[in-house]
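See structure below.
The values are calculated or read from the model by the stated rules, or taken from the named source; none is laboratory data. Treat the numbers as computed from the prediction; the structure is a model and nothing was measured. Quick reminder, even Gly has a Cβ in these numbers, built from the backbone with ideal geometry, and neighbours come from all protein chains shown. Note: areas computed on protein heavy atoms with side chains; ligands, DNA, RNA excluded. Shrake-Rupley method; radii C 1.70, N 1.55, O 1.52, S 1.80 Å.
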Amino acid sequence: MGDSATRRLGDSAYQAVCFGVAALIVAVHSATAQDSLRFTGPDAETSRQVAQVVQAAAAAGLPASQIVAKANLAVLVRAPGPKIVETARAVAARLEIARSSIKPHELANDIVNAEEALSYDAPPEILHQISLASPKAPIAVPLSVLAQLLAIRVPAPRAGQIVLDLVRRQATGTQMQALGNDVDADVRLLGVRALAAVNFRYGKLIPTLAPLPPSSSATDAGLIQSTSPGTKKP
Amino acid sequence: MRRARLFLFATCQIGSLMLCASVGAQVESSLEVGASRLSQANVPTGNSFSGGATLDWFGERGQLRAMLLTSRQTESRWTGQAAVFASFTANSPSPWWQIDVAASDYAQTSALPTTSAEGAARVRRGSALRGAALGIGGGASITGGHVGAVQRALGDGWWTLGRERFVASLGWTRTDPPKVFSPSSISYTDLSAGWRHEVAAISVGVSGGARFQSSSGPDTDDWELIDASVWFAPNAAFVVTAGRTLTDFVRGTPRTTWFGASIRLSPSSHVSLGRRPATGRSTPRLAVTRINAERVDVEITVPSATSVEVMADFTGWQPVLLEHAGDVWRTGRAITPGLHRVSIRVNGGAWTVPSNLPRADASAETSFGLVTVP
């Protein structure tokens, strides 16, 4: 066998190895994706019903792993089967609303965090405004802080306004993270009213942030009126 | 009889606020006692003792303030006022409509009491930080059996710039006060502006305005008000006020000039002064730091622990034993930005929420910490 034949054989073997590795990566990725959608409930009927919800959501292009995550959480806290199914259906419905509320954002993680905010009764209009205020950058962190503030029982209009302003003032993820934690500490450890705490913490943050764009207050009202009325909770 | 009506009014206010508290709304209250140098229409200038109570209720779509004020000017002369103000807005960060209602009862020794009730509908534009509103309203004012109709048109604007808050308003009022105040109906236009500066435990406000009266009285008149409060303890503030107000024909309060000092007491700690329980050393605290696009460091600080585990959505709800260096327990993982639920266990004990995180109740018995990963 000559050198050229050996080289051709070597090239073929190299290509075969590359193809094999690529196939393996695709297979592992596919298996991982399948794993993230695998749910085992406390009984077969619950597992079957949740799997149906998950499959339907995945077929609709929604990040169905969020349904599995919350169903798993329900299992963890020993929720009964019907409650787990109900949770899965509610998450699926919110994911649909979340996706339409934060367009043009399409990242799964953004939709997941919008669903988290909706689960704390964030109005879809607020999500829409946050989405439009940051049309290019991911909005998972602002939506996460919005969910935190709502969990602390900051009134939704004020929580939404502050998060919207944080986005417009280009606050960093770390600044937003600190705001949520500080407000919680003020409320829980000091007994301060949530609204007073968030106003105080936001006031302290303002000097470190960029100024608001001049058109922001005018767009607030305009955006509300232009928000699609079709995004209602099921 | 007058005192009885004031008492009934105050009782109704407290009842309404207890109802608010029972439905889970946020309630804040304060009590104020002080002394002032007071000059009122038809009363000689003198010293007076004053007391007041304020209750604020804040809900998702509305807020309510109830207040009770009383002063003792001489041994036999008392004045008292009870008032409730409420507003309801659309449920959005930039509500475009608002309904306001107000009710007031004013009484003083040897004079007829005045009771008023008003409502207004307003259209808003802007946000809580800056915006404007226009509205119209109406109501009635009752003094000694005389019922006078009230009509109002009002516009106001607000602007928050850092720690400074500015407000301005323009209002038109027409009312039919009883003959003791005016022989005929009165209409006037009020123009006012105010500024408030709040930093840490100090609040200073200045406001003033002018009234342009079109009938039954002097052509123009003005009013001024300045107030300052300093929270010297988490639950107590020293308050100084001075000013001059004009006759309020609707609510029956007379023209007054005063300077006063008081102590304000509140059951809730002021946000800038409250003392936090010593959580730093004794309770576990969790911190997350993004190292790069893939890796996030999760650190839990807890003194004198032999083992620390974390269980979260980013661990697939499987307990993960952390490595430690001193009091800091650490793990590095790939975690997506955004909201995550987390629980920790120290020395194999019960699963708990880190002390520095907001908590979410997953069931009656189980809570998780809500952490934002940047």
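Of the whole protein surface, residue A:120 contributes about 50 Å² of accessible area at a 1.4 Å probe radius. For the peptide A:154-163, the mean number of other protein chain Cβ atoms found within 10 angstrom of a residue's Cβ is 5. Using 0.36 nm per residue and subtracting the Cα-Cα separation, the extra length available between residue B:140 and residue B:324 on full extension is 59.1 nm. When B and A come together, around 4600 square angstrom of accessible surface is lost from both chains combined, probe 1.4 Å.
Averaging sequence separations of C-alpha pairs under 8 Å and six or more residues apart, then dividing by the length of region B:105-157, give the relative contact order as a whole percent. Mind dumping the intermediate values first?
Working: 95 pairs, mean separation 16.7, N = 53.
Across region B:105-157, relative contact order equals 31 percent.
Computed with every protein chain present, the accessible area of residue B:76 is close to 90 Å² [probe 1.4 Å]. Ranked by solvent-accessible area (1.4 Å probe, protein heavy atoms only, all chains present), the residues B:197, B:340 order from largest to smallest as B:197, B:340.
Amide H to amide H distances under 5 Å link residue A:77 with no residue, where only residues 5 or more positions off or on other chains count and H is placed in the peptide plane. Bridgeable aspartates and glutamates around residue A:204 (alpha carbons under 13 Å apart, same-chain partners fewer than 8 residues away excluded): A:182, B:164, B:198. The mean number of Cβ atoms from other chains found within 10 Å of a Cβ in peptide A:117-124 is 2, as a whole number.
Under the simplified labelling scheme, the residue B:204-residue A:107 pair shows an inter-label distance of 4.4 nm, with each label point 7 Å from Cα along Cα→Cβ.
In region B:140-273, Cα pairs under 8 Å separated by at least six residues give a relative contact order of 16 percent. In the context of the full protein assembly, residue B:96 retains an accessible surface of approximately 130 Å², using a probe radius of 1.4 Å and ignoring ligands and nucleic acids.
If you rank B:299, B:118 by how much accessible surface each has, with a 1.4 Å probe, what is the order from largest down?
Values: B:299 55, B:118 30 Å².
Largest accessible area first, the residues go B:299, B:118.
Taking 0.36 nm per residue of separation and subtracting the Cα-Cα distance, full extension of the segment from residue B:85 to residue B:147 would add 20.2 nm.
For residue B:335, the residues whose amide H sits under 5 Å from its own are B:296, ignoring neighbours fewer than 5 places away on the same chain, with H placed 1.01 Å from N.
Once the C-beta distance of residue B:170 and residue B:233 is scaled by a Förster radius of 35 Å, the resulting FRET efficiency is 0.30 to the nearest 0.05. Residues whose amide H comes within less than 5 Å of that of residue B:62, counting only those at least five positions distant or on another chain, are B:89 (H built at 1.01 Å from N in the peptide plane).
Using a 10 Å cut-off on Cβ to Cβ distances, tally the other chain neighbours for every residue of B:365-374 and report the average as a whole number.
Numbers: counts 2, 5, 1, 3, 2, 11, 5, 18, 5, 11.
Mean shielding count: 6.
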